[in-house]
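The values are calculated or read from the model by the stated rules, or taken from the named source; none is laboratory data. Predicted model, so just to flag it, every value in this text is computed and none were measured. Note: ideal-geometry Cβ built from the backbone for every residue, glycine included; neighbour counts use all protein chains shown. Only protein heavy atoms, including side chains, enter the accessible area calculation; ligands, DNA and RNA are left aside. Shrake-Rupley method; radii C 1.70, N 1.55, O 1.52, S 1.80 Å.
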Amino acid sequence: MLGGQLGRMALQIISVAVLSRLLSPKDYGLLAMVMVIVGFGEVFRDFGLSSAAIRAPELSRSQRDALFFMNSAIGAGFAALLAMAAPLVALWFGQPELVSMSQALSIVFLLNGLTAQFRADLNRNLRFRKLVVADLSGLVGGLLIGVILAISGFGYWALVAQQIGIGVVTLVVSVAQCGWLPRWPERGTKIGAMLRFGLGLSASQLVGYFINNVDTLVIATRLGVVDLGYYNRGYQILARAVSQVRGPSTAVALPVLSKLTTDQPRMDSYLVKGQAALGYTLIAGLAFAAVAADPIVNVVLGAGWTPVVPVVAWLAVGAVFDTTAYVGYWVYLVRGLTDRLLWYNVGSLAIRATCVLVGSQ
């Protein structure tokens, strides 16, 4: 998983480096605006059912089938909602281009809904190599599509096509790697406990989504599309790269720690080692990014992106604290404490929103 994430980070850096030289800050600003809405729907698309399947002590074939159809239906529903709400998205941000962009990107909901349980099956069974192959294949396919369209002069449509391409390729490769095709679930299949866990986790993830996107919403509303484009590039360089290491650590930790719930001392030992592993690797890298933001931005983005330098430097400082607290998230998931996770995130959102609103003055 670590090797796969290094590959993912490399591909994302390549994507930023290449496409930033072919497209404008406004193109990225437009994508960032619509991706705020897409990301909001993505919280509910999965409905926490992937994590529910991964941590379940036992998972029958019929339960897996039922979860697949539920994820797919939720994804299709959100795709339809975004397509219909596209004019409102454009009106909110004051950018008419967002109508067609939102309608095109709505298909991402359906693609990710179809993919969710295939990825959960690979994760649950610790088939991490196949999971990595699916992820990297999607990124490579999407990048190739985006670069071709950017060179051909399609502007922000290159970024839209890149997102759709990632979803299509990831779905196809995940199905091929999993070797499982869903059947219509049997009547009376019991998934109530999983739905309750998923509902609690979705509520927590919804609040967490606002925590992670309140900055984008405020910048888009108060400062405009160009400033948002600068901020989005800095965020992509740093924060997304960090999340691509921390996120897969959860993919490993959740199925493993779920098997240790009856052995508290051993679980504690695993948690301490996980904390140390993230701290001694990511925090050292973040310290480097904070002091070397200027050359990093010049190398990755090229000339004309100087306003991104302080964004990268300060996000690196903030990410140190996020990383230090991250292992606690594993405990909430493994112990099923989704109600407590929700209140933790509500408190975090209040602090983050206050800071961003004051800073935007």
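In summary, the lysines within cross-link reach of Lys130, defined as a Cα separation below 30 angstrom excluding same-chain residues under 8 places away, comprise Lys190, Lys259, Lys273.
The residues of the chain expose, per residue, 46 Å² of accessible area to a 1.4 Å probe. Across Gly167, Gly198, Gly336, mean-square fluctuation computed from a Gaussian network of the chain (C-alpha pairs under 10 Å connected) peaks at Gly336.
Compared with the dominant Cα axis of the chain, that is its longest principal axis, helix 107-124 is turned about 50°. Electrostatic tally near Gly279: other residues with Cβ closer than 15 Å to its Cβ, Lys and Arg +1, Asp and Glu -1, net +1.
The C-alpha atoms of the chain define a longest principal axis, and helix 128-151 lies at about 30 degrees to it. Cα-Cα pairs above 27 Å in the stretch 193-351: how many percent? Value for the stretch 193-351 (Cα pairs over 27 Å): 34 percent.
Of the solvent-accessible surface of the chain, computed with a 1.4 Å probe and all protein chains present, 68% belongs to carbon and sulfur. According to the calculation over all Cα-Cα pairs in the chain, the P(r) per 20 Å bin from zero is 27, 62, 10, 0 %. When all protein chains stay in place, what accessible area (Å², nearest 10, 1.4 Å probe) is found for Lys259? Accessible area, nearest 10 Å²: 140 Å². Placing +1 on the Cβ of every Lys and Arg and -1 on the Cβ of every Asp and Glu, with nothing else charged, gives the stretch 190-306 a dipole about its Cα centre of roughly 420 debye. Relative to the longest principal axis of the Cα atoms of the chain, the long axis of helix 2-22 lies at roughly 30 degrees. Taking the Cβ of Ala66 as the centre, find all other residues whose Cβ is under 13 Å away and add up their charges (Lys, Arg: +1; Asp, Glu: -1). My count for the surroundings of Ala66 gives +3.
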